[in-house]
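*Asks:* Structure provided below as structure tokens; questions to follow.
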Amino acid sequence: MTSPLLVVDAANVVGSVPDGWWRDRAGAVARLRDSLVPLASAGLPRFAPGPLEVVLVVEGEARGVPPVPGVRVVSAPGSGDDAIVEVVRSEGAGRTVAVVTADRALRARVTALGAATLGPRSVRR
């Protein structure tokens, strides 16, 4: 059986907390990435028990953030939303999928593909 897929909209989740992320976008995304590592094995209560496949989609100044064990990083060549939709479309068939974002337009696009959505607070500690 394939692990559930959790796709995280890095720009949206990082931007949900006014903690100075705009001074170092790549650093803020790297901190988010690191905070997601435990979810790969533990799971996420409102979504699914572990193990999960966790994918962090990055864009703009955060494109150079590397993956770490437990969190795959996808660098969007253009729109982060388009990259998230492509991950859901290409990797979501036949498995449980959730996208973490507060972006209403993106939520509509991924739910049309069968994914659930969760707000940024679901992964912010």
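The values are calculated or read from the model by the stated rules, or taken from the named source; none is laboratory data. Because the structure is predicted, anything quoted here is derived from the model rather than measured. Note: ideal-geometry Cβ built from the backbone for every residue, glycine included; neighbour counts use all protein chains shown. To get the accessible areas, we keep the full protein, side chains included, count just its heavy atoms, and leave off ligands, DNA and RNA. Shrake-Rupley method; radii C 1.70, N 1.55, O 1.52, S 1.80 Å.
*Asks:* Before we move on, is residue 23 of a type outside the set (A, V, I, L, M), touching a residue at least 40 places away in the same chain (Cβ under 8 Å) and open to solvent by 80 Å² or more (accessible area, probe 1.4 Å)? Step through it out loud before you land on a result.
*Replies:* Values: of a type outside the set (A, V, I, L, M): yes; touching a residue at least 40 places away in the same chain (Cβ under 8 Å): no; open to solvent by 80 Å² or more (accessible area, probe 1.4 Å): yes.
Taking the combined requirement at face value, the residue does not satisfy it.
*Asks:* Looking for whichever is open to solvent by 60 Å² or more (accessible area, probe 1.4 Å) and either under 19 Å from residue 14 (Cα atoms) or in a strand (DSSP E or B) (or both) here; the options are 109, 72. Which one fits? Step through it out loud before you land on a result.
*Replies:* On the way: 109 fails: either under 19 Å from residue 14 (Cα atoms) or in a strand (DSSP E or B) (or both).
Going through 109, 72 in turn, just one is open to solvent by 60 Å² or more (accessible area, probe 1.4 Å) and either under 19 Å from residue 14 (Cα atoms) or in a strand (DSSP E or B) (or both): 72.
*Asks:* Turning to a different aspect of this structure: Select from region 80-100 the residues that are in a loop (DSSP other than H, G, I, E, B) and either without any contact (Cβ under 8 Å) to a residue 12 or more places away in the chain or open to solvent by less than 20 Å² (accessible area, probe 1.4 Å) (or both) and list them in ascending order. Break it down into steps so the answer makes sense when it comes.
*Replies:* Of the residues in region 80-100, the ones in a loop (DSSP other than H, G, I, E, B) are 92-96.
Result: 92, 93.
*Asks:* Among the residues that make up region 45-59, is at least one of them assigned to a helix (DSSP H, G or I), open to solvent by 40 Å² or more (accessible area, probe 1.4 Å) and not acidic (Asp, Glu)?
*Replies:* Just the residues of region 45-59 that are assigned to a helix (DSSP H, G or I), to begin with: none.
Within region 45-59, none of the residues are assigned to a helix (DSSP H, G or I), open to solvent by 40 Å² or more (accessible area, probe 1.4 Å) and not acidic (Asp, Glu).
*Asks:* Can you run down the residue pairs with Cβ atoms below 9 Å, 6 or more apart or on separate chains, where the first is in region 101-125 and without any contact (Cβ under 8 Å) to a residue 60 or more places away in the chain and the partner is basic (Lys, Arg) and surrounded by 17 or more Cβ atoms within 10 Å (Cβ to Cβ)?
*Replies:* Every condition considered, the pairs that remain are 117/107.
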